[in-house]
Amino acid sequence: IHSTESTAVTPRTGLLTLVNYPFIQSTEIDGVIVYIDEYGEEKELPYTNVELKNSKGITVASARSEFDGYFYINKIPPGKYVVAINVESLDSLSLSFNDKVELHLDQPGAFINGVKLTLMQQN
């Protein structure tokens, strides 16, 4: 992925312009969202929005879980992140998410497999 937001070059006629494009290897994560039903059994939670937030609490990437609760986020630059469920999704489903899933993505090009987000019924 690009290491900067954007690059603009305005060359002049007759001059050669050298442009360096700084790239970095990105990281990918995948996982599943489940909830504990009233009988204590785990069930996959489909079509729920997952957010990846940086250390300042800003959402830098998001995804929506599939029919089986699976989600995938790619093109993540190195850094420290928290994986969370979108607040609006929680309120509409009467579920709560108490765990904090922190990721320290310091290996460029890594694939973090099997992040599990577990939700509970609100009391």
Self-check item: Solvent-accessible area, 1.4 Å probe, carbon plus sulfur percent, for the chain
Solution: 48
Self-check item: Under 13 Å, Cβ to Cβ, from residue 78 - net charge with Lys/Arg +1 and Asp/Glu -1
Solution: 0
Practice problem: Could you pull out the longest piece of the chain with no exposed loop chymotrypsin sites (Phe, Trp or Tyr not before Pro) in it, calling a site exposed if DSSP puts it outside H, G, I, E, B and it has at most 10 other Cβ atoms within 10 Å? | Solution: 68-123
Quiz item: Taking a probe of 1.4 Å, how large is the accessible area per residue of the chain, in Å²?
Solution: 69
Quiz item: Label-point separation (nm) for residue 93 and residue 17, each offset 7 Å from Cα along Cα-to-Cβ?
Solution: 4.8
Quiz item: Around residue 48, which amide H atoms from residues at least 5 apart in sequence, or from another chain, sit under 5 Å from its own amide H, with H modelled in the peptide plane?
Solution: 65
Self-check item: Using θ = phi - 60° and Karplus 6.51 cos²θ - 1.76 cosθ + 1.60, couplings along segment 84-97 (whole Hz; Gly, Pro as x)
Solution: 9, 8, 4, 4, 4, 5, 5, 5, 5, 9, 6, 10, 10, 10
Exercise. List the relative contact order of the chain as a percent without decimals, with contacts defined as Cα pairs under 8 Å and 6+ residues apart.
Key: 31
Practice problem: Go through segment 46-52 residue by residue and turn each phi into a ³J(HN,Hα) via Karplus (6.51, -1.76, 1.60, θ = phi - 60°); whole Hz please, and just put x for glycine and proline. | Solution: x, 6, 10, 7, 10, 10, 10
Quiz item: Once the piece of chain linking residue 55 and residue 116 is laid out straight, how much longer is it, given 0.36 nm per residue of separation minus the C-alpha distance between them?
Solution: 19.9 nm
Quiz item: Using Cα-only point scatterers and the Debye equation, what is log10 of I(q)/I(0) for segment 24-71 at each q in 0.19, 0.28, 0.29 Å⁻¹, rounded to two decimals?
Solution: -0.70, -1.00, -1.03
Practice problem: Considering only lysines 8 or more places apart in sequence, or on different chains, count the pairs in the chain whose C-alpha atoms sit under 21 Å apart. | Solution: 13
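The values are calculated or read from the model by the stated rules, or taken from the named source; none is laboratory data. Source: prediction; values computed, not measured. Using ideal geometry, Cβ is built from the backbone for each residue, glycine included, and neighbour counts are taken over all protein chains shown. Just so you know, the surface numbers come from the protein's heavy atoms only, side chains and all, with ligands and any DNA or RNA stripped out. Shrake-Rupley method; radii C 1.70, N 1.55, O 1.52, S 1.80 Å.
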